[in-house]
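Reviewing the structure listed below.
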Amino acid sequence: MTETTTRATRLFAQLVPLFMFLYGVFRLIDGRDGRDGDHGPGLAWNIGHSFFFAAFLLLGALVVELCSLVHFDTARRAAAAGAAMVAGVFGAGCFLWVMLGDLFPRFDDAAPLPEPLELVGPPAFQVGILTLLTMLVVSRPARLPAWSPLLVFAAFLVIAVNLDLLPLAAVILMAGLAPLARTRAGSLRASANAS
């Protein structure tokens, strides 16, 4: 693991939950400002979606960083990490495509995300990032505590329950990514052993 990679991982792990939290707050503001309680184009909507877009850009980059942290001791492990990275980046790309359509209706009219990708993208992203986090937990020695992917999964579940809970989900995500956000080069192992 290089110092540059570790610095990038820490930055992404800190900014992603922050941007998700801000998206959730602006989404709530947008819903309250609307006359009918619906969410839709407007200042709060655009600001919130810009934060959401930035969060998923960084999530795609974080998936790549996580793959670089996985120890490839076998070809099977390397293939699994590579497949998880591809799934995660693909899924993040699908989210970004939809958000571009939300921010720019002409883009959505010209190139809407195909329905099969709408169905496959979100689970692909979740499976990809959770697989990489789990690989860091089960590596020998463990490089992340077991609760890290569990909290990230819990954040996804909270979002699935109700999008109005996005600020809460962002706080849970922040806790799940905390070992990556505060870890300096070479100390991921110490963080995992502390759990």
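Helix 115-138 and the long axis of the chain differ in direction by around 30°, with both axes built from C-alpha atoms. For segment 67-131, the alpha-carbon coordinates run over 47, 20, 16 Å along the three principal axes, in decreasing order. For Ala83, neighbours were defined as the other residues whose beta-carbon sits under 15 Å from its Cβ, and their charges (Lys and Arg +1, Asp and Glu -1) total +2. For the chain, relative contact order (Cα pairs under 8 Å, six or more residues apart, normalised by length) works out to 28 percent.
Quick check: the angle from helix 147-161's long axis to the longest principal axis of the chain, C-alpha only, nearest 10 degrees? Roughly 20 degrees, rounded to the nearest 10. Tell me, what % of the accessible area of the chain is carbon and sulfur with a 1.4 angstrom probe? Carbon plus sulfur share of accessible area: 67 percent.
The string of couplings for segment 47-64 from the Karplus curve (6.51, -1.76, 1.60, θ = phi - 60°) is 5, x, 5, 5, 5, 5, 4, 4, 4, 6, 4, 6, 5, x, 5, 5, 4, 5 Hz, one whole number per residue in order, with x for Gly and Pro. For Kirkwood radius over Cα pairs in Å, the choices are (1) 15.8; (2) 17.8; (3) 17.3; which was calculated from the structure? Entry (3).
Compared with the dominant Cα axis of the chain, that is its longest principal axis, helix 75-103 is turned about 20°.
In this structure, Asp164 and Ala78 have a Cβ-Cβ separation that, at R0 = 41 Å, corresponds to a calculated FRET efficiency of about 0.50. Rolling a 1.4 Å probe across the protein heavy atoms gives the chain an accessible surface of 51 Å² per residue.
Among 132-139, 56-63, how do they line up from the highest to the lowest mean number of other beta-carbon atoms within 10 Å?
Put in order of decreasing packing, that is 56-63, 132-139.
The values are calculated or read from the model by the stated rules, or taken from the named source; none is laboratory data. None of these values were measured; they are calculated from a predicted model. Cβ: placed from backbone, ideal geometry, glycine included. Neighbour counts: every protein chain shown. Areas reflect the complete protein model, heavy atoms only, side chains present, ligands, DNA and RNA absent. Shrake-Rupley method; radii C 1.70, N 1.55, O 1.52, S 1.80 Å.
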